[in-house]
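Structure first, commentary second.
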Amino acid sequence: MSMDKGMKRVSFSLFSGQGEAYKSLVDPSMQSRILRYYILNEYQLPKDLKIINQGEKKDLETQPFRFDEYTDRRLNVLVKEVRHAGHKANRSSLMRHVMTQLINKLEREEGMAKDREIKHSSFYFEKGTREVLDGFVPFRDRNAVIERFILEEFRPKVDNALFEKPVEPESMRISMSVQAFDKLDEYAEKYKEKGIKVKRTALMRQVVEQLIGKLSKTDGRKLIAEAKLQHALSEYAETFGHDKLKERIDQYGKEE
């Protein structure tokens, strides 16, 4: 599933140097995507709403991005909230505040990454997991989002899925603080004390499933299964042709 459908080009008048500062922190291919994710999932209006229209507007610079309808609608809603509170605001003035907050966040994360011990490890997931996760979390933010979820929200559940190995495994390299890895190991140790053997990689699969479920507001396992099915259908069609695929699907339906 792709979150890049239905995109349109939008432009905003940003403070002088804001565009360059943002581009220096984010890969060119991810700039619009990370901005969309931040607006939809993290950005909050300031308590003092008059801040939105403040700042030097003499040398504003126009910067283009690509937005989907959800991000575009969210931006309009935020502008209306500021106006309804009796303050001046338009899409560009709001975006200048959004960009200021996002740049500060990215700079903090970059500084934190330099100051703390980071571990890297590859985990194996069911095929399609990475594609689904990428639909909700920009690649640049993936490690930070997973780490924060482990430390603040993840609660392991003992179910059959926890002990199932991927039928078609795909590898995903994840970099996190030692604290986050230790948290997973703590859960594994608690299960071991109860006579239940659970590996770190199995817990990480559950972490990502729960995270996808939270972001999509639906069942993460179902989304992953749908992505896996889509891959299987595409591979079958490429090998045998679309007519043969349709024939096989019709046959399967009759067998059911």
Review point. Is segment 67-83 home to any residue that is in contact with a Ser or Thr (Cβ under 6 Å, 6 or more places away or on another chain) and under 27 Å from GLU109 (Cβ atoms)?
Key: no
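Please find, among VAL98, VAL132, the residue that is surrounded by 15 or more Cβ atoms within 10 Å (Cβ to Cβ), at pLDDT below 95 and closer than 19 Å to ASN41 by Cα. Quick ask: steps written out before the conclusion?
Details: VAL98 fails: at pLDDT below 95.
Among VAL98, VAL132, only VAL132 is surrounded by 15 or more Cβ atoms within 10 Å (Cβ to Cβ), at pLDDT below 95 and closer than 19 Å to ASN41 by Cα.
Check LEU162, LEU106 and return the single one that is in a helix (DSSP H, G or I), under 30 Å from SER175 (Cα atoms) and at pLDDT 85 or above. Please lay out each step first, then the result.
On the way: LEU162 fails: at pLDDT 85 or above.
From the options LEU162, LEU106, the qualifying one is LEU106.
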Check your understanding: Among the residues of segment 129-136, is any assigned to a helix (DSSP H, G or I), in contact with a helix residue (DSSP H, G or I) (Cβ under 7 Å, 6 or more places away or on another chain) and of a type outside the set (Val, Ile, Thr)?
Key -> yes
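The values are calculated or read from the model by the stated rules, or taken from the named source; none is laboratory data. None of these values were measured; they are calculated from a predicted model. Positions of Cβ are generated from backbone atoms using ideal geometry, with glycine treated the same way; all protein chains shown enter the neighbour counts.
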